[in-house]
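Asker: First the structure, then my questions, so here it is.
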Amino acid sequence: MKAWQKILIAAALATVIVIAGTIVYFDYFARRRLRISTTTSLYDTGLLDEIKSTYEATHNIDIHIISAGTGIALQQASAGDADIVLVHAPSQELTFLENGYGVCRKIIAYNYFTIVGPSADPARITGENATEALKKIFAYGREHSDQTIWVSRGDNSGTFSKETSLWTAAGYNQTEISSESWYATTGAGMANTLNVANQKGAYTLSDIGTYLSLYKPGTIQLKSIIAGGKSLLNVYSVMAVNPAKVSNVSFNDAIDFIKWLVSDTGQQVIDNYAVAEYSQHLFYGAVQALKNGSPQPDVSWIQSYAYFNDTECPAQWRDDHPELYS
Amino acid sequence: MNPIIDGIQKAFQLIFSGDPTFYGVVYRSLFFSGVATILAALWGTPIAMLIGLREFRGKTLVKNFFNTMIGMPTVALGLILYLVFSRAGPLGPLGLLYTPAAIMLGEAVLVTPLIISITANAIEAVDPEMMNLARTLGASESQTSIAILKEAMNGVILGNIAGFNRAIAELGVALLVGGGILGTTDVLTTDISLYTQRGDLGLAIAFGIILLLIVFGINLIIMLAKKARFLLTFGRSPQ
């Protein structure tokens, strides 16, 4: 046998050992794993690390978190690469449910997006609501077309979905204005986009968690100019991947995890997360609020923004788990 | 505080911290890129031998192909491999996505062209008289090619070091097929990316510094080993 053939056989053997070793390890030696595909804002704020360590301490399972924008997270889940999705874009979630990939949707948390910008606020948006603010930013951008006035994610993230709906509400076609010179698109995650806006002295839309995590250590100096209000509501939901549609998903473990997330223990972890550090809530637990109908107006806003047919999950997608909705 | 100064301080704090999480990340970086380099060397060396030792039609084209593949953007390769390893992809049934095996195989694919190119060039640079000499001394074809490989050893080692350095420093493949799952598939580069996202720039820079220190250390050890080996051989057989 020739030398190169011998090495090639060794190569094939080594490859098989690496593959087989991994399969054997994960099937027989490692703890069961639950794969969560999630949006960057939940992961980058550190909330999911907290949830993971709390859950793993009392359950015999490893939580594997893959963080991406809402669009990619849903795509990965429909390809069978996740057991659970944690996202924040109701319109995309509805499509996901309608296509049969997701079941057992539960609204778990909410907070508010914020429009951030330079502290001098050159477009004078302080005190406005979100749509009026965008109109002023638009007018200011048209006047200062040699500068970058607005920075957009430009990806399929939940934050970008929100931005699109805000521009529509303000009466503009986002696709058209995105080509104007004062409007910049990063195509990147929230932190990168905030950094770009900070460097350019521009405005952008951000979730409150990512903004604070960069603002507090002084990485960015942008101020949160508009926060709160119905149009800036941000609702996080969890869905299990439908085992009838996608093979190889750990459905029972996924349901266990969802039950824990909506339990008092899970909700407290969400509600209390980083409150001591930032002296404000990054996330509010949604389960008790929706059950009690308070605080208002948050609850009615959630219902009109993130409910489908007056419920967080229409009956045909509850997959024989009515106990989640009692 | 300036993130760069903060980063340098944190790098040294981490190195002497005894923090098992941090050492785990370093261990995975070394282990994944080490195995990837071994795999790539095993895949690549036979191909490099065929390219370097034989004349065939389209040889320039083949060499050019591997030279081009060296410049493959890691994110593009990562995306392709993601689609291959995904449950819906051709290797989906193996369930390798977001496991260490996916990173090791992916990084091996990434650095194989680099190892092939450098090794093939080193083999071609060996004096062709060497082959004839070995044959006239009665060496079999297998023994001849091994002898030439030994003669080209400096280039072979260089190729493998370059492969290891690229594997340990790349981000795209590790992030897309490994997923950067903390404690399982996160490595130094995915953590640099994560901490940048999270706004902890000091820690991100610290991890970058540590990555460079590791690469520097390993390259130094290999260079010293080569030197020592040369001195030993020289001392043993003064001809």
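Asker: Scan the range B:23-35 and tell me whether some residue there is under 30 Å from A:K245 (Cβ atoms) and out of contact with any Ser or Thr (no Cβ under 6 Å at 6 or more places or on another chain).
Answerer: no
Asker: Determine whether the range A:21-36 contains at least one residue that is touching a residue at least 12 places away in the same chain (Cβ under 8 Å), surrounded by 24 or more Cβ atoms within 10 Å (Cβ to Cβ) and within 11 Å of chain B (Cβ to nearest Cβ).
Answerer: Looking through the range A:21-36, at least one residue is touching a residue at least 12 places away in the same chain (Cβ under 8 Å), surrounded by 24 or more Cβ atoms within 10 Å (Cβ to Cβ) and within 11 Å of chain B (Cβ to nearest Cβ).
Asker: Is one or more of the residues making up the range A:49-66 at positive phi and open to solvent by 10 Å² or more (accessible area, probe 1.4 Å)?
Answerer: no
Asker: Then there is this: Counting only residues that are outside any helix (DSSP H, G or I), within 26 Å of A:I19 (Cα to Cα) and open to solvent by less than 60 Å² (accessible area, probe 1.4 Å), how many does the range B:38-92 have?
Answerer: Going through the range B:38-92 one residue at a time, the tally reaches 3.
Asker: If the requirement is being free of Cβ contacts under 8 Å to residues at least 40 places away in the same chain and β-branched (V, I, T), which of these qualifies: B:I210, B:I181, B:I221?
Answerer: Values: B:I210 fails: free of Cβ contacts under 8 Å to residues at least 40 places away in the same chain; B:I181 fails: free of Cβ contacts under 8 Å to residues at least 40 places away in the same chain.
It is B:I221.
Asker: Quick one: how many residues across the range A:171-195 are more than 13 Å from every other protein chain (Cβ to nearest Cβ) and either in a helix (DSSP H, G or I) or open to solvent by less than 10 Å² (accessible area, probe 1.4 Å) (or both)?
Answerer: Of the residues in that region, 5 qualify.
Asker: Here is a further query. Quick check on B:T60: is it farther than 30 Å from A:Q76 by Cα, hydroxyl-bearing (S, T, Y) and within 11 Å of chain A (Cβ to nearest Cβ)?
Answerer: Criteria not met by B:T60.
Asker: Can you pull out every residue in the range B:148-186 that is of a type in the set (F, W, Y) and in a loop (DSSP other than H, G, I, E, B)? If you could, list the steps in order and put the result at the bottom.
Answerer: Step one: filter the range B:148-186 for residues of a type in the set (F, W, Y), giving B:164.
Hits for the range B:148-186: nothing passes.
Asker: Let me ask another. In this structure, is A:K291 more than 14 Å from chain B (Cβ to nearest Cβ), basic (K, R) and either over 29 Å from A:Y211 (Cα atoms) or open to solvent by 80 Å² or more (accessible area, probe 1.4 Å) (or both)? Please lay out each step first, then the result.
Answerer: Working: more than 14 Å from chain B (Cβ to nearest Cβ): yes; basic (K, R): yes; either over 29 Å from A:Y211 (Cα atoms) or open to solvent by 80 Å² or more (accessible area, probe 1.4 Å) (or both): yes.
In short, yes.
Asker: Mind listing just one residue for me: the one in the range A:1-18 that is open to solvent by less than 70 Å² (accessible area, probe 1.4 Å) and closer than 21 Å to B:A102 by Cα and, of those, farthest from the other protein chains (Cβ to nearest Cβ)?
Answerer: Among residues in the range A:1-18 that are open to solvent by less than 70 Å² (accessible area, probe 1.4 Å) and closer than 21 Å to B:A102 by Cα, the one farthest from the other protein chains (Cβ to nearest Cβ) is A:A12.
Asker: Name the residue that is surrounded by the most Cβ atoms within 10 Å (Cβ to Cβ), counting only residues in the range B:178-191 that are at pLDDT 95 or above and among the hydrophobic types (A, V, I, L, M, F, W, C).
Answerer: B:V187
Asker: Further question: Is it the case, given these coordinates, that B:L39 is facing chain A (nearest Cβ under 10 Å) and modelled with pLDDT under 95?
Answerer: no
Asker: Would you mind stating whether A:Q303 is assigned to a loop (DSSP other than H, G, I, E, B) and more than 14 Å from every other protein chain (Cβ to nearest Cβ)? Give the derivation first.
Answerer: Details: assigned to a loop (DSSP other than H, G, I, E, B): no; more than 14 Å from every other protein chain (Cβ to nearest Cβ): yes.
In short, no.
Asker: Checking A:K216 against (1) in contact with a Phe, Trp or Tyr (Cβ under 7 Å, 6 or more places away or on another chain); (2) more than 30 Å from B:I192 (Cα to Cα); (3) surrounded by fewer than 16 Cβ atoms within 10 Å (Cβ to Cβ), which single condition isn't satisfied?
Answerer: Of the numbered conditions (1) in contact with a Phe, Trp or Tyr (Cβ under 7 Å, 6 or more places away or on another chain); (2) more than 30 Å from B:I192 (Cα to Cα); (3) surrounded by fewer than 16 Cβ atoms within 10 Å (Cβ to Cβ), the odd one out for A:K216 is (2).
Asker: Where residues in the range B:123-139 are in a helix (DSSP H, G or I) and acidic (D, E), which of them is least open to solvent (accessible area, probe 1.4 Å)?
Answerer: Out of the qualifying residues, it is B:E124.
The values are calculated or read from the model by the stated rules, or taken from the named source; none is laboratory data. Quick caveat: nothing in here was measured; it's all calculated off a predicted structure. Neighbour counts run over all protein chains shown; Cβ positions are idealised from the backbone, glycine included. Accessible surface is based on the protein model in full, side chains and every heavy atom, while ligands, DNA and RNA are left aside. Shrake-Rupley method; radii C 1.70, N 1.55, O 1.52, S 1.80 Å.
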